[in-house]
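Before any comments, here is the structure.
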Amino acid sequence: MSAFTTISSDKLARLIGTANSPSLIDVRTEEDFAADRRLIPGSIKLSHDQVTDWGRDFAGRRTIVSCLRGEKLAQGTAAWLRQLGVEAEALEGGFEGWKAAKLPLLDARKLPPRDARGRTVWVTRARPKVDRIACPWLIRRFVDPNAAFLFVAPSEVIGVGERFNAAPFDIENVFWSHRGELCTFDVMIEEFGIASPALLRLATLVRGADTARPELAPEAPGLLAASLGLSRMYDDDLEQLEAGMLLYDAFYRWCRDATAETHNWPTNKVKA
């Protein structure tokens with residue numbers, strides 16, 4: 001049974017990808033990280049010996065700390081965070097325990113460079129519909145919770161990416177884009193190595209809505225309709241993205257927890 005200062009891998013796995021996911025901090029040593037450059041999805045890599053410098057940034061937020069095996073580095077960092085007013089817990093078994101449980105791990109080698117504030121920066125075409133909302137949702141929930149997104153004129157995506165060190169996505173002839181029948185959302189799941197049954201189910205809906213193949217899933221037309229509706233409701237792409245986060249949170253939870261649930265309206269019995 002987990003102590004109040006620790007959390008098990010299975011409990012943490014249920015939180016990752018949801019709007020209620022805690023902040024995740026990986027404090028493995030550089031040597032341990034070099035041996036396996038993967039991260040628990042949504043984690044950021046920070047140094048345990050600088051916790052008093054960065055710790056207050058997490059005040060008021062539930063935070064989970066992992067090290068290699070959930071021992072001294074995670075326990076000590078979490079204890080320091082609690083001293084700084086952070087609701088902090090250590091991950092039982094650490095990174096090795098998570099890996100032994102065969103839970104998804106993010107390939108950090110695929111991450112674009114971070115800016116001075118530690119964020120990944122991405123750029124794509126303005127006026128998003130499906131893929132260009134789904135991908136930021138995926139990144140914020142599973143890759144980098146602090147990621148920044150720039151929406152610009154289609155002709156300027158590459159130039160903005162070069163000038164502002166931002167990773168272009170969902171345009172032609174870039175790494176993060178459609179491949180064959182796969183949309184960019186599919187590609188990100190595959191490249192980052194974060195596939196799960198729920199994400200793969202959601203990817204089918206996104207692909208069906210984004211590539212005009214409603215036959216892929218009966219829910220795909222509904223996702224397309226909701227996406228087009230959002231694009232008409234918001235003139236500001238960032239406001240639309242924030243609204244879209246809730247939309248994809250709902251579809252993800254349906255894919256993970258509620259696909260077997262049905263709603264039947266009770267029939268009225270006719271009295272003789």
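Before moving on, here are some points about what is shown:
- Contacts under 7 angstrom Cβ, first residue in region 53-67 being within 19 Å of A13 (Cβ to Cβ), partner among the basic types (K, R), 6 or more apart: C67/R28
- Residue satisfying condition, being out of contact with any Asp or Glu (no Cβ under 6 Å at 6 or more places or on another chain), among the charged types (D, E, K, R), open to solvent by less than 30 Å² (accessible area, probe 1.4 Å) and touching a residue at least 12 places away in the same chain (Cβ under 8 Å), within set E96, E89: E89
- Helices (runs of 4 or more DSSP H) wholly inside region 1-103 containing at least 1 residues that are in contact with a helix residue (DSSP H, G or I) (Cβ under 7 Å, 6 or more places away or on another chain): 9-15, 51-54, 72-83, 94-100
- Region 249-272, residues that are of a type in the set (D, E) and either surrounded by 10 or more Cβ atoms within 10 Å (Cβ to Cβ) or modelled with pLDDT under 75 (or both): D249, D257
- Cβ-Cβ under 6 Å pairs, at least 6 apart or on other chains, region 243-267 side of a type in the set (S, T, Y), far side open to solvent by less than 70 Å² (accessible area, probe 1.4 Å) and in a helix (DSSP H, G or I): Y248/W137; Y252/L202
- Subset of region 224-248 [within 15 Å of the chain's Cα centre (by Cα) and open to solvent by less than 20 Å² (accessible area, probe 1.4 Å)]: L241, G244, M245, Y248
- The numbered conditions (1) of a type in the set (D, E, K, R); (2) touching a residue at least 24 places away in the same chain (Cβ under 8 Å); (3) touching a helix residue (DSSP H, G or I) at 6+ places or on another chain (Cβ under 8 Å) are all true for R213 except (2).
- When restricted to residues that are more than 20 Å from the chain's Cα centre (by Cα), within 18 Å of L39 (Cα to Cα) and either aliphatic (A, V, I, L, M) or open to solvent by 40 Å² or more (accessible area, probe 1.4 Å) (or both), region 61-74 contains 5.
- Filtering A134, A209, A116 for residues that are surrounded by fewer than 22 Cβ atoms within 10 Å (Cβ to Cβ) and either in a loop (DSSP other than H, G, I, E, B) or of a type in the set (A, V, I, L, M) (or both) leaves a single hit, A116.
Yes or no, residue by residue, for (1) among the polar types (S, T, N, Q); (2) over 17 Å from the mean Cα position of the chain (by Cα); (3) buried (at least 20 other Cβ atoms within 10 Å of the Cβ):
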site: F4; (1), (2), (3): no, yes, no
site: S21; (1), (2), (3): yes, no, no
site: E30; (1), (2), (3): no, yes, no
site: F33; (1), (2), (3): no, yes, no
site: I40; (1), (2), (3): no, no, yes
site: H48; (1), (2), (3): no, yes, no
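- Members of region 71-100 that are hydrophobic (A, V, I, L, M, F, W, C), touching a Ser or Thr at 6+ places or on another chain (Cβ under 7 Å) and under 15 Å from V27 (Cα atoms): A74, A78, W80, L81, A88, A90, L91, F95, W98
- Count of region 106-136 residues which are aromatic (F, W, Y) and within 18 Å of G193 (Cβ to Cβ): 0
The values are calculated or read from the model by the stated rules, or taken from the named source; none is laboratory data. The structure presented is a predicted model; accordingly, all values stated were derived computationally and were not measured. As a convention, Cβ positions derive from the backbone with ideal geometry for all residues, glycine included, and neighbour counts pool all protein chains shown. Side chains are part of the model used for accessible areas, which takes the heavy atoms of the whole protein and leaves out ligands, DNA and RNA. Shrake-Rupley method; radii C 1.70, N 1.55, O 1.52, S 1.80 Å.
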